Amino acid sequence: MRVAMIGGGYVGLVSGACFADFGSSVTVVERDPAKLAMLRDHKIPIYEPSLDQIVARNVQAGRLAFTADLKSAVDGADVVFIAVGTPTRRGGGHADLTAVYEAARAVAKAATAPLIVVTKSTVPVGTGREVARILRETRPDVRFDVASNPEFLREGNAITDFTEPDRVVIGIDLLDTEGAARAEASMRQVYAPLVAKNTPFRFVSRESAELAKYASNAFLAMKVAFVNEMADLSEKTGADIAEVAGCMGLDRRIGDKFLRAGPGFGGSCFPKDTRALAAIAQDAGVPSRLVEATIAANEYRKEAVARRILALAGGEIAGKVVALLGLTFKPDTDDMREATSLPVMRNLLTYGARIQAFDPEGMAHAKSMVTGDVTFMPTARDAIEGSDILVLLTEWDDFRKLEPQDVMAAMRGNIILDMRDIWDGSAFTAAGAVYHAVGRARTA
Ligand code: UGA
């Protein structure tokens, strides 16, 4: 199949590279000149394990190319995916669909033969229908079949999630039997290796596919927000959230995934998609109290981390040095979008604290997002050196290897707050720490 992927962002780049790896001939259209130059130079603008190898081998095999010229990519393509950004619109939580509709118009103008057009961006219910309308209005002379194929990959795990997904969801226009059959056949071809290994495929209405994406993200976000509340309760009651979640997760109706307590969820998806879903539900006249509560609980939690650090410091933190380990919204990414570290740093600076921060991949972005007394350190050890309080926010693997004795020897103070519960609290306590972990009464 000849595939055009409009948008070389996270989803577009990963999907484009993986479709090429599946055997299609893929052209990724990226209009940001800086990004395009990097891609053409075989440099990956995002940090995603093993993506560079997949891109390199498919470029070499002649199956993957990058261009700014949408027209040439669409000309001769069998399938066009729209994978452009859908950020939160200013005011209210709605998704901004400007880029999606612009892409649809550009695709229509460029089309020279019948096309399957697939939205891969996360889009509100009804967007597929609107894309179909735009395409047909712009080019009544061309046949377009419009499908919705939401993407469920996680940053940091993108390649495995794409190549071994739990399911592939494809929304088609069920009222147009012939068009639906054409779209279904093309999608089966693009995803041939997954069809061959019996991955569950769900061909549903476009509206169901669009809503399934938001509902899945919101449900996972709700799980995380719920377990975070139970973590607070565990701390107050003497329970241990890791034990509580372990017991809950054994119930297959609940499942053991997304039950790790932490400093609140962030990233480019959960916050944006929960806001968008709440807005969609409001507009539809059926407000989602649960999604709204998830958003509010998470906002509260992100702001509460700094208050907790202030309380651990005895209510006065001006002039004290706080070491922050892990700034990205989760490990194995350089993504700082809506990371909890941002409100934590902002609030600590307001309290007058001095911050020594370290993150393996996120510091370049972090530097441009905070102003004030933050020193970005070259290593975790440097960040810890001379600190009064050490706070771990993101569970990068390297941080697991830190030796309690070394950490305590490097610190000036002895307060540790492990917001991901990755360290051995008793070893730190034995080394002299006053040790606090998320969801657990203090290790004595
Ligand atoms: C999320 C979904 O997991 C993907 O299925 C989806 O495709 C993607 O959004 C998207 O819509 O594009 P992602 O944002 O990459 O993926 O990150 P997650 O691994 O889901 O983590 C989200 C946040 O929840 C992170 O801040 C993470 O630290 C937090 N989290 C997750 C927890 O605090 N505890 C957990 O148990 C799991």
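The values are calculated or read from the model by the stated rules, or taken from the named source; none is laboratory data. Quick caveat, the model's predicted, so the values are computed rather than measured. Neighbour counts run over all protein chains shown; Cβ positions are idealised from the backbone, glycine included.
Here are the numbers for the structure shown:
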read-out: Yes/no for A104 being crowded, with 23+ Cβ neighbours inside 10 Å, in a helix (DSSP H, G or I) and either touching a Leu at 6+ places or on another chain (Cβ under 7 Å) or at pLDDT 95 or above (or both); value: yes
read-out: Given (1) surrounded by fewer than 20 Cβ atoms within 10 Å (Cβ to Cβ); (2) within 23 Å of M408 (Cα to Cα); (3) under 16 Å from the mean Cα position of the chain (by Cα), number of the condition L327 does not satisfy; value: (1)
read-out: Residue that is modelled with the lowest pLDDT [pool: residues in the stretch 122-151 that are touching a helix residue (DSSP H, G or I) at 6+ places or on another chain (Cβ under 6 Å) and of a type in the set (S, T, Y)]; value: T122
read-out: Options F144, F162; residue that is closer than 22 Å to S24 by Cα and out of contact with any Lys or Arg (no Cβ under 9 Å at 6 or more places or on another chain); value: F162
read-out: Residue within the stretch 305-323 that is among the β-branched types (V, I, T) and either closer than 17 Å to S216 by Cα or within 26 Å of the chain's Cα centre (by Cα) (or both) present; value: yes
read-out: Helices (runs of 4 or more DSSP H) completely within the stretch 346-432 that count 3 or more residues being of a type in the set (A, V, I, L, M) and touching a residue at least 40 places away in the same chain (Cβ under 8 Å); value: 380-384
read-out: Selection within the stretch 193-210 - away from the ligand (no atom under 14 Å from the Cβ) and assigned to a helix (DSSP H, G or I); value: P193, L194, V195, A196, R206, E207, S208
read-out: N228 vs. criteria within 16 Å of the ligand (Cβ to nearest atom), surrounded by fewer than 21 Cβ atoms within 10 Å (Cβ to Cβ) and of a type outside the set (G, A, S); value: no
read-out: Evaluation of I309 against (1) crowded, with 20+ Cβ neighbours inside 10 Å; (2) over 14 Å from P263 (Cβ atoms) (one fails), failing number; value: (2)
read-out: Residue within the stretch 247-270 that is within 30 Å of D334 (Cβ to Cβ), in contact with a helix residue (DSSP H, G or I) (Cβ under 8 Å, 6 or more places away or on another chain), basic (K, R) and near the ligand (Cβ under 10 Å from one of its atoms) present; value: yes
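Yes/no per residue for (1) at pLDDT below 95; (2) under 19 Å from D418 (Cα atoms); (3) assigned to a helix (DSSP H, G or I):
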{"site": "A212", "(1), (2), (3)": "no, no, yes"}
{"site": "E235", "(1), (2), (3)": "no, yes, yes"}
{"site": "A242", "(1), (2), (3)": "no, yes, yes"}
{"site": "F258", "(1), (2), (3)": "no, yes, no"}
{"site": "S268", "(1), (2), (3)": "yes, no, no"}
{"site": "R275", "(1), (2), (3)": "no, no, yes"}
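Results for (1) within 16 Å of the ligand (Cβ to nearest atom); (2) part of a helix (DSSP H, G or I); (3) buried (at least 22 other Cβ atoms within 10 Å of the Cβ), shown as yes or no for each residue.
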residue: P150; (1), (2), (3): yes, no, yes
residue: P165; (1), (2), (3): yes, no, no
residue: E178; (1), (2), (3): no, yes, no
residue: A183; (1), (2), (3): no, yes, yes
